[in-house]
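To start, the structure itself, in structure tokens.
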Amino acid sequence: MLAFDRKFKPKIGKKGEEFIEDSFKKLKKEKDSKTVGYYTLPNTTATLFEEIENYINNNKDLKNNLIKNIAIIGIGGSSLGTKAIDSILRFKNPSEIKLYFLENGDPLNINVTLKNINKNDTIFIIISKSGTTIETTSIFKYVISRYEIDLNSSDTSKLIAITDEDSPLWEFALKYNISKFSIPKNVGGRFSVLSSVGLVPLAIAGYDVKAIISGALKFEEEFFTRKQNHLLTKAYYYYKHGKDKPINVLFSYASSFYYFNQWYVQLWGESLGKFNKVHKKVGLTPVGLVGSVDQHSFLQLVMQGPEDKTITFIKVNDFETDIKIPDIKLDNITGVNFINNHTFSELINAQCMATLESVNEAGIPVDLITVNNLSEANLGCLIYYYELLTSCVGAMFDINTYDQPGVEFGKKKLVKKFVKEV
């Protein structure tokens, strides 16, 4: 599934080993106490799978292949994980249903996205854990108006709400008989892709969500039986070098990982930039890069800029499709003929390894995650890996990994701004 190769070898010592062990116990306690719900999602999806299957089987438009689009109205943790999985696996999805994402309150983007959407062949899914996310509810209101959706008619069969039970959105769905799926209260938005938030739209779109969960479950079992201790060691390195190596780069060598990088940036940044228990600011800055494109930009800063970064490379062994570079010799362009008759996957993976070796030789801490192929199970494993890594680092920093008080300040000011104008 996934292979892990760490080039940097942190010095741990006895105290470090004890610290790592204490951090693992913190995670185990969080899991066992069920205060943090994402840990157990891979073990608790049976009921959700039944609800999803019932929805699909009872939806006449889906059964008659009349649905061509799913429009997801949500932002941040309500959309990024789903977007990441869809963008990576779209090439192999047998379904013709296309996912659209309405996230930001950008009027140009909203209009361009909705241009492709017809009410009659689209399911609109509004996702908000609180049920009151300002961007999400505003776009939802616009969708209702633009498509003249009658909430007291069969139009509601085209709507799904995914939210906390008893949230304002939940109550709204109840009132208008809109299909709804709950988000576990102990699962935060950015950790929610393996809940109804991601599994409902992905399942309707035709993806094998049971395989996604099986991949996550495998890594969960291996980690908590101490078969994936490298993750704890990696977290410890980030903790020990948080001040001199505060920037963590994820360098993914596949264009389809662009949105996975964005998901990682939110997860890492919103979880780890906090005041710790003694009110000192701590945090690690995430940067997402796509290879080989960003070899031609950000790599220069990595190689000869400040030595304040660590880099994780992601390489895909088998792209499951390939193109051979033709044996064509172009006049005056002879310096690149060495690549003729090789495949593009050989090229991009060789570029990944050449960059990794160069960065490693420059003394920059690097590690490599190799994804055997692009499958639902492997993505489930990779998602759970990064969620656990985030929790490990948060436990070591002695912070609340799961809140986001810094985000709330801006929300309060936004309300005051509009109230004043009114």
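The values are calculated or read from the model by the stated rules, or taken from the named source; none is laboratory data. Every value quoted in this text rests on a predicted model; they were computed, and no experiment measured them. In this analysis, Cβ positions are derived from the backbone assuming ideal geometry, glycine residues included, and neighbour counts consider all displayed protein chains.
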**Prompt:** On the given criteria, is Asp61 over 22 Å from Trp170 (Cα atoms) and surrounded by fewer than 19 Cβ atoms within 10 Å (Cβ to Cβ)?
**Reply:** yes
**Prompt:** Since Leu347 meets every condition but one in (1) of a type outside the set (Gly, Ala, Ser); (2) modelled with pLDDT of 95 or more; (3) more than 26 Å from Tyr386 (Cα to Cα); (4) surrounded by fewer than 12 Cβ atoms within 10 Å (Cβ to Cβ), which condition does it not meet?
**Reply:** (4)
**Prompt:** Before we move on, is Phe260 at negative phi and in a helix (DSSP H, G or I)?
**Reply:** yes
**Message:** Condition first: under 24 Å from Asp106 (Cα atoms), surrounded by fewer than 23 Cβ atoms within 10 Å (Cβ to Cβ) and among the polar types (S, T, N, Q). Now tell me which residues in region 64-89 satisfy that.
**Reply:** Asn69, Ser87
**Message:** Against the conditions (1) surrounded by 22 or more Cβ atoms within 10 Å (Cβ to Cβ); (2) outside any helix (DSSP H, G or I), where does Gly380 fall short? Just the number, please.
**Reply:** (2)
**Message:** Could you list, ordered by first residue, the pairs with Cβ atoms under 7 Å in which the first is in region 330-352 and under 17 Å from Leu368 (Cα atoms) and the second is surrounded by 14 or more Cβ atoms within 10 Å (Cβ to Cβ) and among the charged types (D, E, K, R), at least 6 apart or interchain?
**Reply:** Asn349/Lys315; Cys352/Lys315
**Message:** Show me the helices (runs of 4 or more DSSP H) entirely contained within region 55-145 in which 2 or more residues are more than 24 Å from Ile213 (Cα to Cα).
**Reply:** 60-63, 107-114
**Asked** Does region 219-228 contain any residue that is touching a strand residue (DSSP E or B) at 6+ places or on another chain (Cβ under 7 Å) and either buried (at least 18 other Cβ atoms within 10 Å of the Cβ) or of a type outside the set (Gly, Ala, Ser) (or both)?
**Response** no
**Prompt:** Out of curiosity, is Ile56 aliphatic (A, V, I, L, M) and closer than 27 Å to Ile178 by Cα?
**Reply:** yes
